Amino acid sequence: MTEVAFASRRQILLTGLAGMGIGTAVFQRALADSVQRAPISEAMIRDAEWVAGIRLSDEQRAVIAKSVDAMSAKVQRLRAVDVDFSDLPAFRFDPEMFPRSHDLSDVQTVSPRSNAQEGRPPWLKTPEPSSPSANASKSLSRDEWSFASVTRLAQALRAGELTSVELTEHCLGRLKQHDPTLMCVVTLMEESALEQARLADRELAGGKDRGLLHGIPWGAKDLIAVEGFPTTWGAPQFRDRQISETATVALRMKEAGAVLTAKLSLGALAMGDQWFGGQTRNPWNPEVGSSGSSAGSAAAVSAGLLPLALGSETLGSIVSPCRRCGVTGLRPTFGRVSRAGCMSLSWTMDKIGPIARTAHDCGLCLNVIAGADHQDPTSVDRWFDWPVAVDFTGLRIGRVADAPLSLSEEAVLDVLSSTGAEIVDLSLPHEFSEWDLNIILDAEAATVFQSLTADNDLDGLNAWSTIFPKMHFLSAVDYLQACRIRMKLIQQMSDVFRKVHFYVGGGDLGIANMTGHPTVVIPAAMTEQHGVRKPECATITGRLYDEATILAVAAHVESELAVNQQRPPGFWWCIPDDASCGWRIHQTFCRRLICVFNGTTSHTLTVRLRNELTGQRHLGVRRLVAALDFADKR
């Protein structure tokens, strides 16, 4: 019987049972599915042996056919049970499973399974109070708001240089201005954001200070649920859906007084940068995508549209877009941050983390969102404090000897080699390919979204449209076998961190995501690719739950290299969106242009200035671009 005939019989039976009021919906679906299923034959078992990876005798096939037929009936009944996308399985991944005694014997690290107030590594100190810098002592001008750090904006808010409402309006304006180019905004939360900003201004004026995020605009990757607003997961199937809950991370940010300004784009169901609204673009080169899946979060921060955003990572979704967009980001240890209210892709691999201007800003954000949550059974309390300073004396820093060093990784190691720490060559595990373990992620994702596959509703889902059906042919035995091999990888990485406190680079994206280790991404060198100058990022990977160390190290490197202060062309000034401006351009903008282009030839100046201005919507700027084109041709 054809699939069409099966579907027709199933629909007729479902309609009849429902019309007569016989049984529950679960019973009706189970019975209907049993009608369309032919009995399992010996020939079917023989044809399926290659999928299972086993060989059976004719006698065995006869026995197995009857047994599988009975098991299939159970499976059909289970498939008919309603399961929500947010329902968790009855197991959880723990990166600290079976720690070896030598993990903690030679060098103190963050204590496992400890009280959150215990376990500070001895090389981390409370930083000495510092006098205000020259930049902090002068008033922050409006055209500097876009790329100021959270810390600097917080200082300005408390000094009365600006208000949260003014800053939020500024960010809303930039999101509106640049979203047509970057395609990074799913939902602009203008009214709600201004209401939050007004509350922040009242509280700060009244002496209620919730911390440095108080009054700071931020954006949420659109897999973080916020009640009253769509949570689309980047997929056309969910573009209009609202979830009647708010994710724990969003609640914690709200409690800290941060101002949620926009839901930001992600590739469909957290893959890549292509979503139902288009492709999110890289501010440094809008001709290419931002990478993903935390596409909008990285693009918005990189372009100076928001000072802070939250992203998520299962297998590169914070690290990859931060690299592409040249911005700082942190993938925390698995379990450090609650995922309650966030889209599940892989129960054993999903992590939530910040993307910001600086490592210091990431630390401020992690301090707010970290900690156990009863709604996420994998979340834990482990020691973390911020800010902290690192004493490099006696630290061992890993340099991955069997992987090529990028220019940015060399720059980071050059800085660290002058700190007094010891640079140690090491090798990452290579007994087997970590990428073969991707079947764990794919199988879990296919399970989360099994209903989409069952309904053949897979349009607009990027590569998931092939992966989801494919994974229905993976056996439970092979999935669990992969989990056992994953445990071997965890043990091997434990041996790596017996030798070093953290390591730089190494191309460890697959390994560290499988083992749950934290990684910070920082811009560390300026490079030119295909005629486009942009930051190149390096990664620093640390021990489980030791984000404080790698963030403190990253902050030190940023202060030495200052690459994170570079700004993408076309996004680094603020021009009033006022038609009356005509040919007049901001005096501050003109002074900056003179500074940037000083010493160049007339032709070079014309070309660079035109490149900076192209794509701006302001009438006066468009006229200036036209004039530059005319002048250059002459």
Report summary line: Rounded to a whole %, the carbon-and-sulfur portion of the accessible area of segment 220-325 at a 1.4 Å probe is 44 percent
Query raised in the report: Which whole-angstrom value gives the distance between the alpha carbon centres of segment 179-224 and segment 340-398?
Result: 21 Å
Report summary line: Expressed per residue, the solvent accessible area of segment 328-465 in Å² (1.4 Å probe) is about 35 Å²
Report task. Please calculate how many Å² of accessible area segment 158-210 carries per residue, with a 1.4 Å probe and no DNA, RNA or ligand atoms counted. Result -> 47 Å²
Report summary line: Quick shape check on segment 396-550: root eigenvalues a ≥ b ≥ c of the Cα gyration tensor, a/c under 1.5 is rounded, otherwise prolate if a/b tops b/c, else oblate, and it reads oblate
Report summary line: Low-density loop chymotrypsin sites (Phe, Trp or Tyr not before Pro), segment 420-506, at most 16 other Cβ within 10 Å, DSSP non-H/G/I/E/B, are F432
Report summary line: Residues meeting the amide H criterion for V186 (H placed from the backbone, H to H distance under 5 Å, 5 or more places apart or on another chain) are K263, L264, S265
Query raised in the report: Two-decimal Rg/Rh of segment 290-404 from alpha-carbon positions, Kirkwood Rh?
Result: 0.99
Query raised in the report: How much of the accessible area of segment 430-496, in percent, comes from carbon and sulfur atoms when a 1.4 Å probe is used?
Result: 55 percent
**Report entry** Accessible area per residue in Å² at 1.4 Å probe, computed on segment 228-295
**Finding:** 32 Å²
Query raised in the report: With a ≥ b ≥ c the root eigenvalues of the C-alpha gyration tensor of segment 122-261, is it rounded (a/c under 1.5), prolate (a/b larger than b/c) or oblate?
Result: prolate
**Report entry** Kirkwood-type radius of segment 515-556, with distances r between different C-alpha atoms, in Å
**Finding:** 11.5 Å
Query raised in the report: Hey, what's the per residue convex hull volume over the C-alpha atoms of segment 199-316, in cubic angstrom?
Result: 104 Å³
Query raised in the report: What does the charge add up to near A258, with Lys and Arg as +1, Asp and Glu as -1, over the other residues with Cβ less than 10 Å from its Cβ?
Result: +2
Report task. For segment 144-213, with all protein chains present and a 1.4 Å probe, just round the carbon and sulfur fraction of the accessible area to a whole percent. Result -> 49 percent
Requested in this report: Using the structure shown, list the pairs from K351/K470; K221/K534; K138/K176; K176/K254 with a Cα-Cα distance above 27 Å, or answer none.
Outcome: K138/K176
Report task. Quote the accessible area belonging to T126 in square angstrom, nearest 10, computed with a 1.4 Å probe and with ligands, DNA and RNA left uncounted. Result -> 100 Å²
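The values are calculated or read from the model by the stated rules, or taken from the named source; none is laboratory data. Computed from a predicted structure; not experimentally measured. Please note: Cβ atoms are built from the backbone with ideal geometry, for glycine as well, and neighbour counts cover all protein chains shown. For the accessible areas, the whole protein counts, side chains as well, though only heavy atoms, and no ligand, DNA or RNA atoms are used. Shrake-Rupley method; radii C 1.70, N 1.55, O 1.52, S 1.80 Å.
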